[in-house]
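The values are calculated or read from the model by the stated rules, or taken from the named source; none is laboratory data. All of these numbers come straight from a predicted model, not from anything done at the bench. With ideal geometry, Cβ positions are generated from the backbone for all residues, glycine too; neighbour counts draw on all protein chains shown.
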Amino acid sequence: MLLRKLWRTMGLYKAQFISMIIMISLGMGIFIGFNMEWVSIEKNTGSFFDDTGFADYHIVSEAGFTKDDLKSIEDMDGADRASRYICVNADVKGRDGDSVALTVTENEDVSGVMVVQGDAYDSKSADGIWLSDSYAGANNIAVGDKLTLEYKNFEIKGEVKGLIKASEHMVCVRDETQIMPDYDTYGYAYISPVFYEKAAGFEYYPQINVISDMDKKAFTDKVDDKLDRTLLILSKDENISYAGADGEIEEGKTMGSVLPVLFLLIAVLTMVTTMHRIAAKEKLQIGTLKALGFKDRRILRHYTSYAFMVGIAGSAAGVALGYFVAYMIMNPDGAMGTYFDMPEWKLYLPWFCYVIPAGIILLLTLIGYLSVKKMLQGTAADALRPYSPKKMRRLLIEKSHIFDRLSFGARWNLRDAMRHKSRMAMSLIGIVGCTLIITATLGMRDTMDDFLKTYYDDATNYSSRIYIAEDATPDERDKLADKYDGDWSSSVSVQIEDKAVSLDIYDTSKDRVRFPADRDGFAELSDDGAYICRRIADEFDLEQGDSIRISPYGGDDEYTLKVAGIIRSVSENIVISPEYAGRIGIDYVIDSVYTDTPKADIKTDGAIKSVQSKQAIIDSFDSFMEIMNLMIVIFILAAAVLGVVVLYNLGVMSYTERYTEMATLKVTGFRDRKIGRLLAGQNLWISVIGIIIGIPAGAGALSYLMTALAPEYELKIVIGPVTYIVSVLLTFGVSMAVSLMVARKNRHIDMVEALKGAE
């Protein structure tokens, strides 16, 4: 009997129950999906790092390291394993514009590779090349093919013995300006120390990679003591592959904790209002069941099962959706597949993803229990008395003359809003949530478009960047700048306390390069000060006019820089002019030239290491934007679902609660269209208030999300007028569409039956 009643009642309130299931499944799906994503990234990259001996520290010296230096590091307490290492960009002969990160490690257990096809890596091979399988796949290169790599004045001619993946190159980009990998033109390759020394004619290793669990300060102190000279020491956090994985993990944590809270909160609040309403509407039936001899425990179990079933259905759908979201992100052909080059793409469900669904089910069940328990108090005769809502006190505004001047619809809706505060609050939350999500997600697109325009349209007024070879003479460097009529730059590795940053010296006389100011416009390099990026300013609490001390690696000198201004940058750097560098006595050599000459017109020679077109950088950014656009579409759809589900649910609830009132209006001569306008009027004002709150809340959410998701870009938060217009129109559109759907129910009001039930 009660089972049949269960299904009948759920059918009667199907709109409310379906809406709660949808909200729970969306919230749970986003929560599980993004948390599965970051946990899966953490575990997959972690095992990849462990299996290939990802280095914890990179010790760098342009002078190179001897075998005795390596032995000193290996004998150091706290150093588990170490290897001499070199990684340089080498051109691929016969493939114009293609290059690879040519890598050699003496100890294959440190910064090694994982072979996915072909022969195992042979550290004694005299002609073997182990090539990135992603680059090979993009360029139709197979095991057994011949390949020639060019670097400086020597060639490496060998056979592709195997296709590999390497954790040191898991995020395979040329430099910090390239946002996404481009395997059509750039990959990586490993050769043996034997092959490298044979081709080069000498041994030269500018790095020692070390696996150690020491903190950076302790490690640095021990290295300085062992080698007795100042060196550049980079931790794994400063490696682009490790930093990329860590960044994606933090982004997943952010996405998995912000949006789900909104959906789950609304689902819980909807359950509170729905179960209270069901309990109130079915008070007579509860009394009848008591009179028939059903025990309170049995009645409680029956009504509590409504909430329990909603929790089960919503959680089950949410888990399925979560797996789908996680798979769409975490697969070789998904969003992360375009960024990470790793061998395993297993999905992992973290332990707390079991706890949250169970907690939601228990919470909803508790809400159902408490909602019905109150109705069971007293005798069966007490329960059989119809539910009487609290008598509403006269509103303060009703005592004023203003209330009398309001239209009938305004007075009617105002009284209803005050009578059902929880329902109104829920509607407001739904509107605010819808507006917030739309504003924040479209604002992400506006912000990234502004980033692209600022950094690559306005700040970079060149067509190509020429990277100068390390062994080029000062005269060759100057001639390249003159030949291509370009600005130039030089990078010096320096240290602020124990933090490694880049000191960049720029000549900007040709206006090829500009530097976005912290707020608006562009900074003009001063001859008596340095410009620091926002991240350095925040970390060391620096402002314009302050001083900062730096120490170039490779020497014991210290320099004090005056902060002339703060800029936005894609890398952690300090920018100074050549004049200021000369004034404080910093030595440098030109390493890059920025020119309007197209890449195709620049002929490589011994002085030119490589050439990068600005268009290639923009294309890389466009690949990144494709991922973001997918996220934006998903979030806007989620916002629309949020608005429709919440407002329709509450609209149906309002319609049912005011059924008798609307029947009375129809009896007194109100037409369906007029009653529909009354209902729409209430939604209209709630929408206006919700939009007013939702837009600034969306701006705040955007600022938080962009800071959490892309801190390395030092973005200026931008929300364009189109975003505001679209947010308002979409939110109003959802609200009005729901109002029309609810208003159509007026046609089916049975005035006689409705008024018969009136007390």
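Could you tell me whether any residue of the range 117-140 is in contact with a Gly (Cβ under 9 Å, 6 or more places away or on another chain) and among the basic types (Lys, Arg)? Within the range 117-140, not a single residue is in contact with a Gly (Cβ under 9 Å, 6 or more places away or on another chain) and among the basic types (Lys, Arg).
Being over 30 Å from residue 248 (Cβ atoms) and surrounded by 19 or more Cβ atoms within 10 Å (Cβ to Cβ) narrows it down to one residue among 131, 227, 147; which is it? Step through it out loud before you land on a result.
Details: 131 fails: over 30 Å from residue 248 (Cβ atoms); 227 fails: surrounded by 19 or more Cβ atoms within 10 Å (Cβ to Cβ).
Answer to the selection: 147.
In this structure, residue 708 does not satisfy being crowded, with 17+ Cβ neighbours inside 10 Å and at pLDDT 70 or above. Taken as a whole, the condition of being more than 26 Å from the chain's Cα centre (by Cα) and in contact (Cβ under 8 Å) with a residue 60 or more places away in the chain does not apply to residue 181.
Listed here are the residues, each with its yes/no results for (1) of a type in the set (Ser, Thr, Tyr); (2) assigned by TED's automatic domain parsing to the domain that holds residue 41; (3) over 37 Å from the mean Cα position of the chain (by Cα).
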site	(1), (2), (3)
291	no, yes, yes
313	no, yes, no
316	no, yes, no
323	yes, yes, no
334	no, yes, no
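Every residue in the range 73-111 that is surrounded by fewer than 23 Cβ atoms within 10 Å (Cβ to Cβ), among the small types (Gly, Ala, Ser), part of a loop (DSSP other than H, G, I, E, B) and within 33 Å of the chain's Cα centre (by Cα), please. Answer for the range 73-111, where residues must be surrounded by fewer than 23 Cβ atoms within 10 Å (Cβ to Cβ), among the small types (Gly, Ala, Ser), part of a loop (DSSP other than H, G, I, E, B) and within 33 Å of the chain's Cα centre (by Cα): just 97. Counted as qualifying within the range 550-644 are the strands (runs of 3 or more DSSP E) with 1 or more residues that are crowded, with 16+ Cβ neighbours inside 10 Å and free of Cβ contacts under 8 Å to residues at least 60 places away in the same chain, namely 559-567.
State all residues of the range 143-167 that are of a type in the set (Lys, Arg) and either within 37 Å of the chain's Cα centre (by Cα) or at positive phi (or both); if no residue qualifies, say none.
In the first step, residues of the range 143-167 are kept if they are of a type in the set (Lys, Arg); the result is 146, 152, 157, 161, 165.
Correct list: 152, 165.
Of all residues in the range 514-524, those satisfying the criterion of being out of contact with any helix residue (DSSP H, G or I) (no Cβ under 8 Å at 6 or more places or on another chain) and part of a loop (DSSP other than H, G, I, E, B) are 519, 520, 521, 524. Taken together, the residues in the range 26-66 that are touching a Leu at 6+ places or on another chain (Cβ under 7 Å), β-branched (Val, Ile, Thr) and within 30 Å of residue 314 (Cα to Cα) amount to 1.
Residue count for the range 492-508 under the criterion of being in a strand (DSSP E or B) and under 30 Å from the mean Cα position of the chain (by Cα): the result is 9. Of the set (1) assigned to a helix (DSSP H, G or I); (2) surrounded by fewer than 21 Cβ atoms within 10 Å (Cβ to Cβ), all apply to residue 480 but (2). Kindly evaluate residue 144 against the criterion of being in contact with an Asp or Glu (Cβ under 7 Å, 6 or more places away or on another chain), outside any loop (DSSP other than H, G, I, E, B) and not acidic (Asp, Glu). It is false that residue 144 is in contact with an Asp or Glu (Cβ under 7 Å, 6 or more places away or on another chain), outside any loop (DSSP other than H, G, I, E, B) and not acidic (Asp, Glu). Annotation: of all residues in the range 499-527 being out of contact with any Pro (no Cβ under 9 Å at 6 or more places or on another chain) and among the hydroxyl-bearing types (Ser, Thr, Tyr), the one that is modelled with the lowest pLDDT is 526.
Please state which one of 198, 124 is of a type outside the set (A, V, I, L, M, F, W, C) and part of a loop (DSSP other than H, G, I, E, B). Let's see the steps before the verdict.
Working: 198 fails: part of a loop (DSSP other than H, G, I, E, B).
On inspection, the qualifying residue turns out to be 124.
Of the numbered criteria (1) under 14 Å from residue 101 (Cβ atoms); (2) at pLDDT below 95, the one residue 165 fails is (2).
Evaluate the range 326-346: report whether one residue or more is charged (D, E, K, R), buried (at least 16 other Cβ atoms within 10 Å of the Cβ) and either assigned to a loop (DSSP other than H, G, I, E, B) or touching a residue at least 40 places away in the same chain (Cβ under 8 Å) (or both). Yes - at least one qualifying residue is present in the range 326-346. Taken together, the criteria exclude residue 24 from residues that are in contact with a Pro (Cβ under 7 Å, 6 or more places away or on another chain), among the β-branched types (Val, Ile, Thr) and in the same structural domain as residue 343 (by TED's automatic domain parsing).
Of the residues contained in the range 149-160, none is found to be in contact (Cβ under 8 Å) with a residue 40 or more places away in the chain and assigned to a helix (DSSP H, G or I).
Please specify each residue of the range 417-471 satisfying the condition of being of a type in the set (Ser, Thr, Tyr) and either closer than 27 Å to residue 97 by Cα or within 25 Å of the chain's Cα centre (by Cα) (or both). Explain how you work it out, then say what you get.
Residues of the range 417-471 of a type in the set (Ser, Thr, Tyr): 422, 427, 435, 439, 441, 447, 454-456, 460, 462-464, 467.
Passing the criteria: 435, 439, 441, 447, 454, 455, 456, 460, 462, 463, 464, 467.
Being under 27 Å from residue 231 (Cα atoms), surrounded by 21 or more Cβ atoms within 10 Å (Cβ to Cβ) and at pLDDT 85 or above: is that true of residue 496 here? Give the steps one after another, and end with the answer.
Working: under 27 Å from residue 231 (Cα atoms): yes; surrounded by 21 or more Cβ atoms within 10 Å (Cβ to Cβ): no; at pLDDT 85 or above: yes.
In short, no.
If you go through the range 323-367, how many residues are among the β-branched types (Val, Ile, Thr) and more than 30 Å from residue 137 (Cβ to Cβ)? I'd like the intermediate steps shown before the answer.
Of the residues in the range 323-367, the ones among the β-branched types (Val, Ile, Thr) are 325, 329, 338, 355-356, 360-361, 365, 367.
Imposing the further condition that a residue be more than 30 Å from residue 137 (Cβ to Cβ) reduces the set to 355-356, 360-361, 365, 367.
The total comes to 6.
Which of (1) touching a strand residue (DSSP E or B) at 6+ places or on another chain (Cβ under 7 Å); (2) not assigned by TED's automatic domain parsing to the domain that holds residue 120 does residue 102 not meet, given it meets every other one? Of (1) touching a strand residue (DSSP E or B) at 6+ places or on another chain (Cβ under 7 Å); (2) not assigned by TED's automatic domain parsing to the domain that holds residue 120, only one is false for residue 102: (2).
Working only within the range 14-54, note down all residues that are among the aromatic types (Phe, Trp, Tyr) and under 20 Å from residue 360 (Cβ atoms). First the steps, then the outcome.
In the first step, residues of the range 14-54 are kept if they are among the aromatic types (Phe, Trp, Tyr); the result is 17, 31, 34, 38, 48-49, 54.
Result: 17, 31, 34.
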